[in-house]
Amino acid sequence: MNSNIDAISLSIPSHNISLDFIYFLSDYPLLGIEEREGVWISYWNVEDWENVSSPILLKCEELELSPMVETIPTKNWNEVWESAFQEVEVSEFCRIRASFHSKDPKFEHEITIDPKMAFGTGHHATTFQMIEGMRNLNFEGQKVLDFGTGTGVLAILAHQLGASDVIAVDNDFSAYESTLENVELNSADPITALHGDLQTVSDHLGSTDIILANINRNVLLDVSKNLSSLCSSGALLVMSGIFESDFHQVQKAYESEWSLLKRSSKDQWLCLQWKKK
C-alpha cells in the first residue's frame, strides 16, 4: 500500500452521527475511520471519494448532518497513523503495541504490530473484549480461524496460546499484507495468512474448532450460515464489532445453530461467545 497519498477527510460532529450511518459508510472503500473527541473523521482516497461522494453527501443531507469535507495534502499517512497509535492492554494478560514502544515484561503476552491507516478505527473496545474472551478459552492444539483479521493480532494471540493451526483471512489486500508483516514481526510463521473470503478458507482448513470474528454487524449477518458450515458441534465462535443495539438482530441470525454462552459490553460495543449446537 502506498502510504504517500492525497486524501479526503469527511468530518461529522459525533453528537449528530448515528450508528446506521457508520454502517452505511463501512460499505464504501474507506481508508479508515477515526473517532476523536466530538467528531468522527473518515478518510478517503481522492479517486474513491470522487466516485462515492454523491450518495454519501446525499445521505448526510437526508439525515441533516453537517459534514465538513477537506482535501489533505500528500504526506506519509502511515507515519501519521503510527504517531496516534494507542496501545491495547488487557489487564496483565496481553498487550498490543507498536514496534516503537518498549517491551514490558509484566504482560503474559505481547504482540507487536506496525499499524496502518487502513485499520485505524479507534474502536479498541472490540479488540479488548475479543482478547478478554480469548483469555478464558483453551486454544491448545485447536484449529482456529481469524475471520476479517485486519492486522492479524487475534491470530497471533491464538498462536501464542497454543493453537495448532491458525488461518487469518481478510478480503482487503492491504490487510493481508499487514498480517504477513505482523506475523513475521512476532515470529508466528505457522499462521497461514490468506487474501480472500470464507470459500478461500474452506479450501485450506477443514472443520475448525474456534472462530474469531471481529468485523461488523452487516458482515456477521451475511455469513452466519457460512461460518456454521465450517464447524462441527461444540465449536466456539467469538465475535465483536457490533453495537449493543444490534444484539437481537444478530441473535436471531445465529440462535438456530449456535447457543449463546456469554455476552459482554464495553463502551456500547458487544462481544458474544457462542457454541455450535
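The values are calculated or read from the model by the stated rules, or taken from the named source; none is laboratory data. Every value quoted in this text rests on a predicted model; they were computed, and no experiment measured them. No Cβ is skipped: glycine too gets one built from the backbone with ideal geometry, and neighbour counts run over all protein chains shown.
A few notes on this one:
Okay, residues lined up against (1) modelled with pLDDT of 70 or more; (2) of a type in the set (A, V, I, L, M); (3) in contact with an Asp or Glu (Cβ under 7 Å, 6 or more places away or on another chain); (4) within 20 Å of residue 222 (Cα to Cα):
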| site | (1), (2), (3), (4) |
| --- | --- |
| 9 | yes, no, yes, no |
| 13 | yes, no, no, no |
| 18 | no, no, no, no |
| 23 | yes, no, no, yes |
| 28 | yes, no, no, yes |
| 34 | yes, no, no, no |
| 42 | yes, no, no, no |
| 48 | yes, no, no, no |
| 52 | yes, yes, no, no |
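- Picking from residues in the range 68-79 that are more than 22 Å from the chain's Cα centre (by Cα) and at pLDDT below 90, the one that is surrounded by the most Cβ atoms within 10 Å (Cβ to Cβ) is 72.
- The range 9-50 - residue that is acidic (Asp, Glu) and in a helix (DSSP H, G or I) and, of those, surrounded by the most Cβ atoms within 10 Å (Cβ to Cβ): 48
- Number of the condition not met by residue 221 [criteria: (1) modelled with pLDDT of 90 or more; (2) surrounded by 21 or more Cβ atoms within 10 Å (Cβ to Cβ); (3) under 16 Å from the mean Cα position of the chain (by Cα)]: (2)
Every residue, every condition in (1) more than 17 Å from residue 127 (Cα to Cα); (2) out of contact with any helix residue (DSSP H, G or I) (no Cβ under 8 Å at 6 or more places or on another chain); (3) not acidic (Asp, Glu), yes or no:
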position	(1), (2), (3)
196	yes, yes, yes
213	no, no, yes
221	yes, no, yes
237	no, no, yes
251	yes, yes, yes
262	no, no, yes
269	no, no, yes
275	yes, yes, yes
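Condition check ((1) part of a strand (DSSP E or B); (2) touching a Lys or Arg at 6+ places or on another chain (Cβ under 7 Å); (3) modelled with pLDDT of 90 or more) across all residues:
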| residue | (1), (2), (3) |
| --- | --- |
| 213 | yes, no, yes |
| 227 | no, no, yes |
| 234 | yes, yes, yes |
| 239 | yes, no, yes |
| 245 | no, no, no |
| 260 | yes, no, yes |
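- Checklist (1) in a helix (DSSP H, G or I); (2) in contact (Cβ under 8 Å) with a residue 12 or more places away in the chain applied to residue 184, failing item: (2)
- Residue 175 at pLDDT 95 or above, among the aliphatic types (A, V, I, L, M) and farther than 19 Å from residue 108 by Cβ: no
- Candidates 110, 82 - the one that is among the acidic types (Asp, Glu), modelled with pLDDT under 85 and in contact with a strand residue (DSSP E or B) (Cβ under 9 Å, 6 or more places away or on another chain): 82
- Selected residue (criterion: surrounded by the fewest Cβ atoms within 10 Å (Cβ to Cβ)) from residues of the range 145-184 that are of a type in the set (D, E, K, R) and closer than 23 Å to residue 242 by Cα: 172
- Residue in the range 177-199 that is of a type in the set (A, V, I, L, M, F, W, C) and within 13 Å of the chain's Cα centre (by Cα) present: no
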